[in-house]
Structures are given as structure tokens and as C-alpha cells.
Amino acid sequence: MEKSAGWFRFVEIGLGIIIVILSIYAMTFPVGALITIVVLIAIILFILGIEKIIAGIFFHIRGRGASIGLGILILIFAGLAVAYPVGTAWIITIFIGIALLFGGSASIVEGFSGKESGWKRAFLIGVGALLIIIGIITLVSPVFGAAFAGFIIAIGLLIAGIEMIAAGATGRKLNLPSKDNVDSLTGKK
């Protein structure tokens, strides 16, 4: 296996340490982590909205009006999310609770459908019940839902940080998707 350059290994280790520190912060303050993610996504959407408006005004593209209108709509929603990050996080938490209810219900229905048997059937029903319980708690207490979402984000950051540190320490390249990998998976040439 091809090894990474020495300087890149230090960068990977450094960035991995930063990500692990951020994950610990996110685990300590999971609601704050969710609100921070909401603000970052809103800023990215704000930039995307500006790009859509500029493309619609200055470039001769099909659907210029739609591009400008979509850009304005994105700017409005992004502005609201930046102005009211707690409210936006609350709305996202409500959507997460509803999604958990639907996912849990689907899992229970699949478990009782008769297609599966034994431990897999029990697993589907158990996971479905757990998802419904977490969904109900999330809808009743959005603070719990926001903390739950922030904690899941923190765990993802922790895993990514540890993976970067390990890749830098061993010198192996991360298995990030490249154009060739994606093309081989999708069958494109």
C-alpha cells in the first residue's frame, strides 16, 4: 500500500486531534453542537443562495428566473436560520422525532410482516420500539432531541478524528471516495 508524504501525515494527525477535541466539546455540550451545525449550514446555504442569484443575473442559463427565485428563497431561509438558530434547531429536532416515529413504525411492520423469522424478526421489532420511544421523547422534549442529535454528531466526529490520527500515524491513506471508486461502484466509464 502506498504511504502518505511525511508532511501530510503530520497534517492528518493534527487535524485528527482537533476533530477529537471538537468531538469532546460536542459531547460535553451536545445542544450547542447542534446549534453550531445549524449556523454553519445556514452560512453555507447563504453563500449558495448568493451564487444562485449571481448565476441567474449574469449568466445566460435556462431557468434564470427560477435560479434567482431559488437563490432569494435560500437567502430568506438561511437568514432566518442564522437569526434564530435555536428555533431552527428546535424545528430540525421535531423533524428528527417524526422521522424516528416513521422509521420505528416501518421497522415494527417489517418485523410483523412474516417475511423474517427468529432473531431478525425480534431485532426489527425491538429496534422499531426503541426508535418510537426515542421519537416520542424527542417530540415531548425537544431539548432531549437536540442533545441526542448533538451527541450523535459528536460520536461521528470522534470516529472521524481517531481514523485521521490512525491514518497519519501509520502513514496509510484514508479510503476516501475518489472519482475512480465512485465510477466503479456506479458502473460509469
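Considering only C-alpha atoms, what is the centroid distance from the stretch 1-53 to the stretch 84-110, in Å?
For the stretch 1-53 versus the stretch 84-110, the Cα centre distance is 24 Å.
Give the residues of the stretch 55-89 whose amide nitrogen is closer than 17 Å to a point set 7 Å from the Cα of F29 in the direction of its Cβ.
Answer for this model: 85-87, 89.
Considering the zone a paramagnetic label at E116 would reach in this model (a point 7 Å from Cα along the Cα-to-Cβ line), which residues of the stretch 86-109 have amide N under 13 Å from it?
Hits in the stretch 86-109 for E116 at 13 Å: 104-109.
What list of ³J(HN,Hα) couplings, whole Hz, do you get for the stretch 27-37 from phi and the Karplus terms 6.51, -1.76, 1.60, once you set θ to phi - 60° and write x for glycine and proline?
Running phi through 6.51 cos²θ - 1.76 cosθ + 1.60 with θ = phi - 60° gives 5, 6, 10, x, 5, x, 5, 5, 5, 4, 4 Hz.
By accessible area of protein heavy atoms, probe 1.4 Å, what ranking do W90, W119 get, highest first? Provide the component values of the computation, followed by the final result.
Details: W90 135, W119 195 Å².
The ordering from most to least exposed comes out as W119, W90.
Whole-Hz ³J(HN,Hα) for each residue in the stretch 126-141, computed from phi via Karplus 6.51 cos²θ - 1.76 cosθ + 1.60 with θ = phi - 60°, x for glycine and proline: what do you get?
Running phi through 6.51 cos²θ - 1.76 cosθ + 1.60 with θ = phi - 60° gives x, 5, x, 5, 4, 4, 5, 4, 5, x, 5, 4, 5, 6, 6, 10 Hz.
Note down the relative contact order for the chain as a percent, whole number, built from C-alpha pairs under 8 angstrom at least six residues apart.
Details: 239 pairs, mean separation 70.3, N = 189.
About 37 percent, as a whole number.
With bins 5 Å wide starting at 0, give me the P(r) of the chain over every alpha carbon pair, in whole percents.
In whole percents, the pair-distance histogram is 1, 8, 9, 9, 10, 13, 16, 15, 11, 5, 1, 0, 0.
When a/c reaches 1.5 or more, the comparison of a/b and b/c decides; with that in mind, is the stretch 108-149 rounded, prolate or oblate per its Cα gyration tensor?
Since a/c reaches 1.5 and a/b is larger than b/c, the shape of the stretch 108-149 is classed as prolate.
State the extension gain, in nm to one decimal, for the chain segment bounded by I21 and I162, taking 0.36 nm per residue of separation less the distance between their alpha-carbons.
Using 0.36 nm per residue and subtracting the Cα-Cα distance, I get 49.7 nm.
Please compute the contact order of the stretch 1-111 in relative form: average sequence separation of alpha-carbon pairs under 8 Å and at least six residues apart, divided by the residue count, as a percent. The partial results should precede the final answer.
Details: 66 pairs, mean separation 25.1, N = 111.
Averaging sequence separation for qualifying contacts and normalising by length gives 23 percent for the stretch 1-111.
The values are calculated or read from the model by the stated rules, or taken from the named source; none is laboratory data. Source: prediction; values computed, not measured. Every residue, glycine as well, gets a Cβ built from its backbone with ideal geometry; the counts of neighbours run over all protein chains shown. Each accessible area value is taken on the protein alone, full model and side chains, heavy atoms only, with ligands, DNA and RNA left out. Shrake-Rupley method; radii C 1.70, N 1.55, O 1.52, S 1.80 Å.
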